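A quick write-up on the structure given underneath.
Laboratory data are not the source of any read-out in this text; all were calculated from the coordinates shown. The model shown is predicted, which means the values in this text are computed figures rather than measured ones. Here the Cβ is made from the backbone with ideal geometry for all residues, glycine too, and neighbour counts use every protein chain on show.
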Amino acid sequence: MVGSDGLARCSWASSAPEYAAYHDDEWGRPVRDDDALFERMTLEAFQSGLSWLTILRKREHFRAAFAGFTIETVARFGEREVNRLLADAGIVRNRAKIEAAINNARAAQALAEGLAALLWSFAPVPRPPRPAPGQPVPPTTRESTAMAKELKRRGFQFVGPTTAYALMQATGMVDDHLQGCHVPA
């Protein structure tokens, strides 16, 4: 899809300015920092059942509410912080997802190898080629299923195969920008 700025983008990025900015500047770009990966994992979990646009529009509120997604800080959250988050209209107020985020920070903290090393160990090598326009992009892959299984084994929550694949797409573990998209491969 060619936008009004003359740039070819993946079709999903054309429906809102927030989508275009996210697509152009972030989606599919490699992320290897533990806290940044924790942020993406948390936001993908909060998105489950909602529009990604809802999450993008609340992202800065999420960052403030979750202490910049610093794993060490979120891992120390207790019931007082859960109640604070449940009262915060700037985020998605879902107790199960809030508690999962805190739990996942603790699980990430316990990883001897770090979150980035664990997650990136599931990135396919070599990266598959970009899909052609009109070619279906799967909601899950063998790798995302294996990632979700290992994350659950290590105590993570709200990380099923579909969420794991969305995380892989968002953080550049796979490149699902369509062929012809202006974003460099």
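Worth pointing out:
- Approximating the spin labels as points 7 Å out from Cα along Cα→Cβ, the LEU53-to-GLN135 distance works out to 2.8 nm.
- In nm, spacing of pseudo-spin labels at ALA112 and ALA89 (7 Å Cα→C-beta vector): 4.9
- Gain on full extension, evaluated as 0.36 nm per residue between GLU150 and THR162 minus their Cα-Cα distance, stands at 2.9 nm.
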